[in-house]
Each structure stands twice: as C-alpha cells, then as structure tokens.
1. Given the -39500 (n - 2.57) contribution per DSSP H run of 4+ residues, what per-residue ellipticity at 222 nm results for the chain, rounded to the nearest 500 deg cm²/dmol?
2. What Kirkwood hydrodynamic radius do you get for the chain when you take the inverse of the mean 1/r over all pairs of distinct Cα atoms, in Å?
3. Pull out the extension gain between residue 7 and residue 65, defined as 0.36 nm times the separation in residues minus the alpha carbon to alpha carbon distance; nm, one decimal.
4. Which whole-angstrom value gives the distance between the alpha carbon centres of segment 56-78 and segment 1-41?
5. Run the quick spin-label model on residue 75 and residue 22: label points 7 Å from Cα toward the beta carbon, then report their separation in nm to one decimal.
6. Return an integer: the convex hull volume of the alpha-carbon atoms of segment 30-74, in Å³ per residue.
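Taken together, the values in this text are just the output of simple stated rules run on the coordinates, not laboratory data. Quantities reported herein were computed from a predicted structural model and do not represent experimental measurements. So basically every Cβ, Gly included, is an ideal-geometry build from the backbone, and we count neighbours across all protein chains shown.
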Amino acid sequence: LAHPDVLKRVYDAGHQIGIHTWSHPAMSSLTLDQQIAEIVNTAKIIKQIIGVVPTVWRPPYYAVNDDVLKVLHTNSVP
C-alpha cells in the first residue's frame with residue numbers, strides 16, 4: 001500500500017506479478033478465515049492497483065497443506 005506506483009511500474013514493464021501473502025505467515029498454521037484473508041485480500045489490493053488478479057502464488061516458507069490449496073481453488077476475487 002505504501003508504494004502502489006512501484007507495483008504498477010513493474011507490472012507495466014512486463015513483469016509477472018504474484019501473491020506472496022500480506023503478512024508473510026506460514027499458511028498451513030492459519031485458520032481458514034486467516035488463509036482467505038491473506039490470499040484474497042492481497043489479490044484484491046493488487047487488482048485495484050494494476051487492474052488484474054495475479055494468477056501465481058508462492059506461499060511463504062512453502063508452508064502448504066490441503067486446506068490452503070482448497071482456499072486457492074475455491075475463492076475468487078471480485
């Protein structure tokens with residue numbers, strides 16, 4: 001949020017933008033609601049800045065479990 005101009009400039013230069021979560025938690029240790037907030041809310045903000053929802057995501061610490069994967073596949077960003 002502090003530097004939307006940097007995100008926009010990087011995107012406009014042709015770089016791929018991905019999600020790495022909002023607060024960098026180990027996703028597999030979060031509740032379902034926290035997982036959704038980390039991924040979906042971050043995607044919403046990115047969409048507001050560059051106009052598209054990222055299609056790639058790298059979880060912090062590669063901490064993924066089946067619940068996290070369900071969140072990714074069942075939640076959309078308006």
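1. -11000 deg cm²/dmol
2. About 12.9 Å, per the Kirkwood formula over Cα pairs.
3. Net length gain for the segment: 18.0 nm.
4. The two parts, judged by their Cα centres, are 11 Å apart.
5. Here the modelled spin labels are 0.9 nm apart.
6. 74 Å³
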